[in-house]
Structure formats: structure tokens, C-alpha cells
Amino acid sequence: MSLVRIQKDDFSVTDEIGRVKASSKSIGGIVAFLGTGRDISKGAEIVRLDFEYYPGMAEKKLNEIRERALQNFNIIEMGIFHRVGKIGIGENIVLIIAAAQHRNDAFTACEWAISELKRITPIWKKEITKKGEVWVEEHP
Amino acid sequence: METINITVRFFAMLKGRVGRGEITLTIPENISLGKLKEILKGQFPSIADLIDKKNIMFSVNQEFATNNTIIKEGDEVALLPPFSGG
């Protein structure tokens, strides 16, 4: 399975970290960012999230992010996984795994990758609250 | 005047306003994305106010595009509202 995926189903954090870890015996540190569905936004109680994406372009951008991370940071491997469709409160949304010889490079690459994902990947989040539905437009 | 056919895709909030995610449009050949925006404003009054907003990006064939990008036969143009993945 690819280390860059967009999928409706949940992913296993343990399995994906295991796959990244298995890519090299030189790995000495792994940093994972896991984004999850929270129940509150601007004071409104969220019931559910709906993620829409641009099939083809979104995968292309995530692959670009992984390639650039491998080029520009001193990391050994990176995995990027994003779910779409209906996602409940507390469920997994996004997982980024950065593996390096040393922890500092893994932390830096992981933080860069999630910021870049939010900036250039055509994925949209709709919050379904008890007061109505709203497409989210900004990144806190 | 020669014409070409293109696909225009709408996502998220724009899809909601237009009422559909994809349309085929016949436009004059050799026009830029900037000119296409003017055509789209006329064809889709429900999103005319959003098309010039800086935070609405455009892609052509799944790559980010500027107003100078020339639109060709068969191109897929997409209107991309502010991203909110992650």
C-alpha cells in the first residue's frame, strides 16, 4: 500500500507507523501528527464533519508534499494519510508520519508537512453543528 | 470565431451555490483564465461575487493557474474555495 493515501475508511496509526518504520534500519526517531474531529468550533457544538476533495489533484499535492519533504529535510521516510467523507467526533482525520535518524529532523519535517497540506491540498471541511452547516474557511 | 469545449468543476461552498459539481462550457478559443472568469461571472450569477476573491484559487488540469493561463480544448478548470483539510 502506498504511503500517500486519501480514503474514506479509517487508518491504523500503529500499522502505518510500522510500515514507515520498516522502510529503513537507519531510522532512529519517528514523529506522528494525528488530526482528529473535535466537538466544538467557535462555541458551536459539532455533530459531524464532512470532508470533500478534488480526486486526482489532492493525491497529486500530497505526493508532492512527501517528495519535497524527502528532498528538503533530513528525513528517511514520510507517510501522509487523509480521510474524506463523513467523520464523527473523536475519529481520525489526518496522519502524517516523519521518520529520520534523529528526532529534530522528524519534528521539523512533520510540522512543515501538515502546514503545507493545509495550504495547498484541495480538501474541504464542512462542520455540521446543531445550529446548521458551514464550510470552514480558515486555518487556526 | 472558433470555439472550444471545456469542463468546469465546482467544489464545496461553490458547488452548493451553483447546484452542481461539474459542467461543460463552450467558450471562444485562445482566451486566458482571466477572461474565462468574466464569462463564468455572467453564466453563474450565484458565485459572481466570489470569483474575484483572492482566496478563491483556480486550477487548470489539476495544476494551480493564474489569470494569464491560456485555456485549451478539453481543459478541466476548477474553482477552489479556501482549503480546510488537515
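Just need a number here: residues in segment B:53-78 that are touching a residue at least 60 places away in the same chain (Cβ under 8 Å) and in a loop (DSSP other than H, G, I, E, B). Can you show your working first?
Of the residues in segment B:53-78, the ones touching a residue at least 60 places away in the same chain (Cβ under 8 Å) are B:71-78.
Right, trim to in a loop (DSSP other than H, G, I, E, B) and you get B:71-75.
Number satisfying all stated conditions: 5.
Scanning segment A:37-46 for residues that are surrounded by 14 or more Cβ atoms within 10 Å (Cβ to Cβ) and either within 30 Å of B:Glu22 (Cβ to Cβ) or within 14 Å of chain B (Cβ to nearest Cβ) (or both), which turns out modelled with the lowest pLDDT?
Applying the first criterion (surrounded by 14 or more Cβ atoms within 10 Å (Cβ to Cβ)) to segment A:37-46 yields A:37, A:41, A:44, A:46.
From what's left, either within 30 Å of B:Glu22 (Cβ to Cβ) or within 14 Å of chain B (Cβ to nearest Cβ) (or both): A:37, A:41, A:46.
Working: A:Gly37: 96, A:Ser41: 84, A:Ile46: 95.
Looking at the filtered set, the residue picked out is A:Ser41.
On inspection, B:Pro28 fails the criterion of being touching a residue at least 12 places away in the same chain (Cβ under 8 Å) and closer than 30 Å to A:Leu34 by Cα.
For first residues located in segment A:82-108 and within 14 Å of chain B (Cβ to nearest Cβ), partners that are modelled with pLDDT under 95 and lie 6+ apart or on another chain with Cβ distances below 6 Å form the pairs A:Val94/B:Gly86.
For segment A:65-81, a residue qualifies if it is within 14 Å of another protein chain (Cβ to nearest Cβ) and either without any contact (Cβ under 8 Å) to a residue 12 or more places away in the chain or under 15 Å from A:Val20 (Cα atoms) (or both), and the qualifying residues are A:Ile80, A:Phe81. When A:Trp135 is tested against (1) on the phi < 0 side of the Ramachandran plot; (2) more than 7 Å from every other protein chain (Cβ to nearest Cβ), only condition (2) is not met. Flag set for B:Ile4, criterion: touching a residue at least 40 places away in the same chain (Cβ under 8 Å), over 30 Å from A:Phe81 (Cβ atoms) and assigned to a strand (DSSP E or B).
Return yes when A:Arg119 is of a type in the set (Lys, Arg), within 14 Å of chain B (Cβ to nearest Cβ) and surrounded by fewer than 17 Cβ atoms within 10 Å (Cβ to Cβ) and no when it is not. First the steps, then the outcome.
On the way: of a type in the set (Lys, Arg): yes; within 14 Å of chain B (Cβ to nearest Cβ): yes; surrounded by fewer than 17 Cβ atoms within 10 Å (Cβ to Cβ): yes.
For A:Arg119, the condition - of a type in the set (Lys, Arg), within 14 Å of chain B (Cβ to nearest Cβ) and surrounded by fewer than 17 Cβ atoms within 10 Å (Cβ to Cβ) - is met.
Selection of segment B:7-52 for residues being in a helix (DSSP H, G or I), exposed (fewer than 15 other Cβ atoms within 10 Å of the Cβ) and within 14 Å of chain A (Cβ to nearest Cβ) yields an empty set. Scanning segment A:108-127 for residues that are farther than 12 Å from A:His82 by Cα and hydroxyl-bearing (Ser, Thr, Tyr) gives A:Thr108, A:Ser115. Restricting the first member to segment A:41-63 and to residues that are within 16 Å of A:Leu95 (Cβ to Cβ), and the second to residues that are of a type in the set (Gly, Ala, Ser), the beta-carbon pairs closer than 7 Å and six or more apart or on different chains are A:Leu49/A:Gly37; A:Phe51/A:Gly85.
Checking each residue in segment A:1-29 for being loosely packed, with under 15 Cβ neighbours inside 10 Å, aliphatic (A, V, I, L, M) and touching a residue at least 60 places away in the same chain (Cβ under 8 Å) picks out only A:Val13.
The values are calculated or read from the model by the stated rules, or taken from the named source; none is laboratory data. Bear in mind that the values here come from a model prediction, so they are computed numbers and not experimental data. Because the Cβ atoms are built from the backbone with ideal geometry, glycine has one as well, and the counts that use them run over all protein chains shown.
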